[in-house]
Amino acid sequence: MTEAKIDSDVLQRHLNSLIQAWKNPEGEFSAFSNVDALCFVSGSSNSELLYQKTPILQLWLLGYEFPNTIIAISDDTVYIVASPKKAKLLKDAKPGDSNVKWVILEYLKGDSSANEKTFQEVVDGILASKNGKRIGFLMKDTFEGKFINEWNGVLQKSEDKFEKVDVSPAIATLLSVKEQDELKLCKIAAKLSSCMMQNCFANEMEDILDQEKSITHEALSTNVDSALYDQKAGAKYKLPPAASQDFMDWCYSPIIQSGGNYNLLASAVSDENKLHAGTILCSLGVRYKSYCSNIGRTFMISPTKAQEKNYQFLLDLQKHVLGLLKPGTPFSAIHPSALAYIREKRPDLEKNFVKNCGFAMGMEFRDSTRVLSQKSTATTIKADMVINLSLGFNKLENPQAKSQRSKIYALMLIDSVIVMDSGAQLITSGCKLMDEMCFYFKDEGEDDRAKTRASGAGGKSKPATRQSVVLASKFRSEERDDDSNEKKRKLHQKELAERIQQEGLQKFSHGSANKGNSEEQTIKKFESYKRETALPKEVSNCRIYVDNRADSIILPVYGMAVPFHISTLKNISKSDEGEYVYLRFNFNSPGQGVGKKDSLPISDPNATFMRSVTIRSSDILRMNEMYTSIQNLKKDQAKRETEKAQLADIVEQDKLVAVRGRRPLRLPDVFARPSFDNKRVPGELEIHTNGIRFVHPLRTESRIDVLFNNIKHLFFQRCDGEIIVIIHIHLKNPIMIGKKKVKDIQFYRETTDSLNDETGNRKRKYRYGDEDEVEAENEERRRRHQLNKEFQSFAKKIAEASDNKVDVDTPFREAGFTGVPFRSNVLLQPTVDCLVHLSDPPFFVVTMSDIEIVHLERVQFGLKNFDMVFVFKDYKKSPVHVNTIPMKQLDDVKEWLDSVNICFSEGHVNLNWTTIMKTVNDDPEAFFLDGGWSFLQEGSDEEEEDEEDEESEFSMSEDELGSSESSDDPDESAFGTDEEEEESGDYSEEDEVSSADDWDALEEKAKREDEHHRLKHGAGDDKSGYRPAKAARNGGGRKRVRR
């Protein structure tokens, strides 16, 4: 623990605010009116009375809670009585330029007479302040102890001289508006509450329900309570790294309720009833450095449609109330407005609504003077207030309940909110959306009592991939549900598109983000030599000279040696005319036609450019030598420029800090991709202080260092359905491995063991049949399970070693779909944050948070595949294409994109994205003013309406159906006779001519193949068993022969 120290700046700032409010008692500070002095007394600390205003005021002023302390404020003096140790801290922190006088007195244990004199001095001081008739106290606070008894004994002697006034409302008003440092602490506390709800309670509740354990509400509350004080809580529950565990504490014991008996008041407690797998309510609050937060959630097991509908309305109600929490809104107006919204949308729920919508909080968990109810006496909401927004419906009936304890249920939604000038901001999150808090179980008759939580650990939904185009049979109610989901998806996509449009207008309006091409190209200046004396001495011969050291060509011009840097040379040509050789040098200059450097701006308008130089010489050998030297120099310079451009985004990493005093955690026998020198040699992966290191077993200098601060994504891919198990790292900035620039590094191990010979081992001599195969399958299954466990555990250790700056992400194979991101068709698998292909290089990783919009191309009836284009938020990046995705997976792709809040559109044809992105980058402001990406959405609604109206035009009469069913003779030909074809009117004469032309083309192809084979093997060669293809024309077609 660090030594206690009081922040004098905070003390002076807060004390000045208190004195100013006391001396100017206006508005909500009216409790200070006609108060001549203030006196705040605290006795022995009591852990059961956490939220008394005196300790809270001490924390606000001093940063610490000081038991057995008096703070008295008179007109011009501040009196403080405390123990000698506390008095020393206060003397050290006493502001030097304060406008009031400080009197710090010591309370001495065992010296009653001295203490009586000290207390009397304080009483005399406050009675001498102003009129000395009305003294402000915090009347509701109660303390005990010897210190309080001695103080009360002195105070009672003078009680007839003054009147006690309760100033609690004014102190609550003073503490209700937070400073920025206080708001940061509130946000950390809210983040801690969110993590404990999502990663602690929700996960433990899942395990209990999954394993059908029996536990009481109080026992589960105790488990969650003790989890916060676990030394490994930070890594286990992904608590924010900025939070120190020394300053974490509970605002109250977690409240867990289920089984039909619910209390939605903040004063509820967990009872001794068993946890029931129906509707489960949990509320908990963590305070950090004494600043409180609160979160409450409802979890439903196998909810009915009515329950889901009611909960969705609760989410909508919270969104409505959040819009009301603005500076200037009266506290008493929030609850009536919420009731009015309920009457308008769902009048059947009005009687079940809670009596208030929450309260203000801070260091005090519940500010009783600022409650969001109709009876509230507080004036208005102010900016920088923290509100505990608590909404819910109690005593709801479930007529479809399968058990008595499920007939009555309640819904609750609690969040911590910061009120800002622009509106309310939620600072708690998680486990709130429908797919995050609903659990579903299969029937008990099935082999596996499988639990499905719609969201994964990160709250992202995992869409199930449909394996067939043929849909499972549905009831009409299920079809209506699908229609409802489709409408919801369209509405959600419309909201996403509008948000992108608004963000684009805001980002690029009035040139706020400048133009897309902010980096203009200019003609570079090159310097071959700083002074004339640096020229090589060979130039004195007045001949062409190539200086490789200075990357320059020196040409004789009017008897002078003129150097030209090789970068200024565009090209060189050589021509022979008689006994002379001509070398023509063409240089880069503005205005050269339509090339890339055509319109390069000139920094100096008076500059003169030499466009070309032609030199003639009769020395053919030398001119050929110069031509070759200049060409080689130009190639070397172009190669260096290319390498420089490729390495432009290489960021130099910090040095890896190796673990000292112990062996680092290691994962042995892994291969790295890419590897040094393309040699496949297993090595060891080690975890060090600030990164990981891959060590080559043969060459210790050939190692790969990856720092935690350069890891963007860490993936663990199981070996289920694969031949390797993978830990894959996607970097923020590329690094060099050997001479390769890489942004993806992979460490893997193969699932097959090359040392085990399953075909020639000793057991096979004595065992026959399927026993070996069964044993081999079981052994492979065990080996795969062990590999998954080992690699997953090591990936988690990497995340823990990084202080949770890196999270482990796992691909969802069951939600994958095939596509062609590069040249081959691969399986693309969604993760919580990305879309990846990790099994084979080249690797494919797209971070969904970097994507602005996705466009689906070639989506039309009759095609088997469609394409997908990812457009980045950084418009300078080229869009990423994934081609040839099967059309049967279109719905799955749409569902996945919608679930990760990605706006998508679709069209019939492929677009020219190079032209589109050039238009966007040239003037993004004009692009969004013209509608932005809305041009991709045009026509989508009409196309979908056309598809819905399409029906099959095929019909068959009963007679035709009967005749078709009667044709059961297996000896009949599958093709009709000529007479039947003549009687049939289903084809036209044009079809017949077209068919004949097709068969003629096939005849010609067959003849060419016969001729080619005859030339290759010789005429009459029967050894190959080849026979020429025979084709007989029968009515313009090839004769069908039954085999």
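Of everything in the stretch 317-344 that's in a helix (DSSP H, G or I) and hydroxyl-bearing (S, T, Y), which residue is farthest from A383 (Cα to Cα)? Out of the qualifying residues, it is Y341. Applying the condition of being among the hydroxyl-bearing types (S, T, Y) and open to solvent by 50 Å² or more (accessible area, probe 1.4 Å) to the stretch 650-702 and asking which residue is nearest to H730 (Cα to Cα) yields T689. Does L239 count as crowded, with 21+ Cβ neighbours inside 10 Å, touching a strand residue (DSSP E or B) at 6+ places or on another chain (Cβ under 6 Å) and closer than 29 Å to S793 by Cα? When the stated conditions are applied, L239 does not pass them. In this structure, is V78 within 16 Å of C39 (Cα to Cα) and touching a Phe, Trp or Tyr at 6+ places or on another chain (Cβ under 6 Å)? Here the answer is yes, as V78 does meet what is asked. Only one of the listed residues (K213, K191) is open to solvent by 10 Å² or more (accessible area, probe 1.4 Å), within 30 Å of T379 (Cα to Cα) and out of contact with any Gly (no Cβ under 9 Å at 6 or more places or on another chain). That residue is K191.
Would you check if T222 is over 29 Å from the mean Cα position of the chain (by Cα) and under 25 Å from Q425 (Cβ atoms)? Against the criterion (over 29 Å from the mean Cα position of the chain (by Cα) and under 25 Å from Q425 (Cβ atoms)), T222 does not qualify. Being within 19 Å of G145 (Cβ to Cβ) and surrounded by 17 or more Cβ atoms within 10 Å (Cβ to Cβ) is true of K53.
Looking across the stretch 826-851, just one residue is among the aromatic types (F, W, Y) and either without any contact (Cβ under 8 Å) to a residue 60 or more places away in the chain or open to solvent by 40 Å² or more (accessible area, probe 1.4 Å) (or both), and that is F844. Taking residues in the stretch 882-907 that are closer than 17 Å to L827 by Cα and free of Cβ contacts under 8 Å to residues at least 60 places away in the same chain, and partners anywhere that are crowded, with 21+ Cβ neighbours inside 10 Å and of a type in the set (D, E), the pairs with Cβ atoms closer than 9 Å and at least 6 places apart or on different chains are L890/E906. Taking A21 as the residue in question, decide whether it is farther than 29 Å from S267 by Cα, over 48 Å from the mean Cα position of the chain (by Cα) and modelled with pLDDT of 90 or more. The answer is no for A21.
For the stretch 689-696, the criterion of being under 30 Å from I745 (Cβ atoms) and at pLDDT below 85 is met by at least one residue. Annotation: Y229 fulfils all but one of (1) crowded, with 16+ Cβ neighbours inside 10 Å; (2) over 29 Å from P336 (Cα atoms); the unmet one is (1).
The residues on offer are F393, F439, and the sole one that is assigned to a strand (DSSP E or B), touching an Asp or Glu at 6+ places or on another chain (Cβ under 8 Å), open to solvent by less than 10 Å² (accessible area, probe 1.4 Å) and of a type outside the set (A, V, I, L, M) is F439.
Per-residue answers, yes or no, for (1) in contact with a Pro (Cβ under 8 Å, 6 or more places away or on another chain); (2) among the basic types (K, R); (3) within 26 Å of Y311 (Cα to Cα):
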site	(1), (2), (3)
P327	no, no, no
P336	no, no, yes
K345	no, yes, yes
L349	no, no, yes
F353	no, no, yes
M363	no, no, no
S368	no, no, no
S373	no, no, yes
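Looking across the stretch 600-638, the residues that are at pLDDT below 85 and more than 14 Å from L569 (Cα to Cα) come down to L600, P601, I602, S603, D604, P605, N606, A607, T608.
In the condition set (1) in contact with a Ser or Thr (Cβ under 8 Å, 6 or more places away or on another chain); (2) closer than 21 Å to L127 by Cα; (3) open to solvent by 70 Å² or more (accessible area, probe 1.4 Å), E116 is compliant with all but (1). Between F119, F137, F162, the distinction of being of a type in the set (F, W, Y), at pLDDT 90 or above and within 28 Å of S30 (Cβ to Cβ) belongs to F137 only.
I'd like to know if the stretch 354-362 contains one or more residues that are farther than 24 Å from L174 by Cα and crowded, with 16+ Cβ neighbours inside 10 Å. Within the stretch 354-362, one or more residues are farther than 24 Å from L174 by Cα and crowded, with 16+ Cβ neighbours inside 10 Å.
With at pLDDT below 95, touching a Gly at 6+ places or on another chain (Cβ under 6 Å) and either closer than 26 Å to K488 by Cβ or part of a helix (DSSP H, G or I) (or both) as the only criterion, which of F935, F928 stands out? The unique qualifying residue is F928. For the condition charged (D, E, K, R), more than 23 Å from the chain's Cα centre (by Cα) and open to solvent by less than 70 Å² (accessible area, probe 1.4 Å), R823 does not qualify.
In summary, K85 fulfils each of the numbered conditions (1) closer than 16 Å to L15 by Cα; (2) surrounded by fewer than 16 Cβ atoms within 10 Å (Cβ to Cβ); (3) modelled with pLDDT of 85 or more with the single exception of condition (1).
Each residue in the stretch 242-253 was checked for being open to solvent by 30 Å² or more (accessible area, probe 1.4 Å) and either closer than 15 Å to I295 by Cβ or among the aromatic types (F, W, Y) (or both), and 3 pass. When V854, V871 are checked against the criterion of being crowded, with 20+ Cβ neighbours inside 10 Å, touching a Pro at 6+ places or on another chain (Cβ under 6 Å), over 27 Å from L665 (Cβ atoms) and not charged (D, E, K, R), V871 stands alone in meeting it. Of the candidates A424, A378, A410, the single residue that is in contact with a Ser or Thr (Cβ under 9 Å, 6 or more places away or on another chain) and closer than 29 Å to P303 by Cβ is A410.
Okay, residues lined up against (1) modelled with pLDDT under 75; (2) open to solvent by 90 Å² or more (accessible area, probe 1.4 Å); (3) in contact with a Cys (Cβ under 6 Å, 6 or more places away or on another chain); (4) under 19 Å from M610 (Cα atoms):
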| residue | (1), (2), (3), (4) |
| --- | --- |
| E519 | yes, yes, no, no |
| S528 | no, no, no, yes |
| S540 | no, yes, no, no |
| I544 | no, no, no, yes |
| D547 | no, no, no, no |
| A550 | no, no, no, no |
| V557 | no, no, no, yes |
| A561 | no, no, no, yes |
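E643 passes every criterion in (1) over 27 Å from L835 (Cα atoms); (2) not in a helix (DSSP H, G or I) apart from (2). On inspection, N624 qualifies as closer than 30 Å to S552 by Cα, in contact (Cβ under 8 Å) with a residue 12 or more places away in the chain and assigned to a helix (DSSP H, G or I).
The values are calculated or read from the model by the stated rules, or taken from the named source; none is laboratory data. Everything numeric in this text was worked out from a predicted model, so none of it was measured. Glycine gets a Cβ as well: all are built from the backbone with ideal geometry, and neighbour counts include every protein chain shown. Heads up: the accessible areas ignore ligands, DNA and RNA and are worked out on the full protein's heavy atoms, side chains in. Shrake-Rupley method; radii C 1.70, N 1.55, O 1.52, S 1.80 Å.
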